[in-house]
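Everything on this sheet refers to the single structure shown next.
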Amino acid sequence: MRLTGLLTLLLSGTMVAQAGTITIQKLNGEVAVRHGVTEEWTTVAAGDALRPYDSMRTGKSGSATLLVQEGPAGVVRRLALPADVIVDMSDVRELTQEELMLKLTMQKVRATPEQDRNGGPQISNAAVMHGTDAGRAGAMAENDPQVGRSLLNGAKVLLENGFSATAVLRTMEVFRLFPSLAGIVDNRLVLAGAMEKANLRGEAVTEYHAIRQMSGLTPSQTAVVNARIEALRRNTQR
């Protein structure tokens, strides 16, 4: 079996095993859901259940509260979605460090041209799709910057609610689909912070160094970047 096929099989298996039950508790304003790989956004109601491959979108005046049942003990936690976000339900889950590293490896393998994969030594660091259909996300982008901002806002919601691993992966994906968003310092700081919280210290240091080379850094942003690099260096030396 090819490496990409094996990785896809492993990742899909862990996703099914760890996906929790997600129920809509409350809706306000414009809220829609897309089921599976379909392109159509449809209305939903409180009490509806969401599946792992569904996506939820809130409009400029919309918001939603989801109930997420996690683990065999059935612990329920609330996830509040503010206005202007898109969140894939497959991202509303925690990953083990092994799963996260496997997904990052899969990104690199899938982003590498076939000829390099068969014999070349280099592996691209470009982010690729995870947890969703690549064709659907590509069609969803449609060069609409608002879609990119909503996806990035969704990644921030994931990070704020403790889903740091999927926040890392989703943010990387957003940057791949919307490169202009990767040119904004504050957005890159979100990714670096998510990497720290996901215990990806080496990746976080690399990201902070890349941010330090970006043009237009303010003195306060430069101070933050330098402080984080130094803090990560001290923690590594312990």
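The values are calculated or read from the model by the stated rules, or taken from the named source; none is laboratory data. No experiment lies behind these values; they were computed from the predicted model shown. No Cβ is skipped: glycine too gets one built from the backbone with ideal geometry, and neighbour counts run over all protein chains shown.
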* Just one of the numbered conditions (1) surrounded by 15 or more Cβ atoms within 10 Å (Cβ to Cβ); (2) more than 17 Å from the chain's Cα centre (by Cα); (3) farther than 20 Å from Ser150 by Cβ is not true of Leu100; which one? -> (2)
* Asked: Of the residues in the stretch 156-174, how many are touching a residue at least 40 places away in the same chain (Cβ under 8 Å) and closer than 16 Å to Glu203 by Cβ?
  -> 8
* **Pair list, Cβ < 6 Å and 6+ apart or interchain, from the stretch 193-222 residues that are within 21 Å of Glu160 (Cα to Cα) to residues that are among the hydroxyl-bearing types (Ser, Thr, Tyr)** => Ala194/Ser164; Lys197/Ser164; Ala198/Ser164
* To do: Hey, can you tell me all the residues within the stretch 213-238 that are of a type in the set (Lys, Arg) and modelled with pLDDT under 95?
  => Arg233, Arg234, Arg238
* To do: Considering every residue within the stretch 216-227, establish whether at least one is buried (at least 21 other Cβ atoms within 10 Å of the Cβ) and outside any loop (DSSP other than H, G, I, E, B).
  => yes
* May I ask you to verify whether Leu191 is surrounded by 19 or more Cβ atoms within 10 Å (Cβ to Cβ) and not hydroxyl-bearing (Ser, Thr, Tyr)? => yes
* To do: Restricting attention to the stretch 52-91, report how many residues are more than 16 Å from Lys26 (Cβ to Cβ) and part of a loop (DSSP other than H, G, I, E, B).
  => 9
* Which residues, taken from the stretch 1-33, are modelled with pLDDT of 95 or more and of a type in the set (D, E, K, R)? -> Lys26, Glu30
* Can you name every residue in the stretch 48-79 that is surrounded by 14 or more Cβ atoms within 10 Å (Cβ to Cβ) and among the aliphatic types (A, V, I, L, M)? -> Leu50, Met56, Ala64, Leu66, Leu67, Val68, Leu79
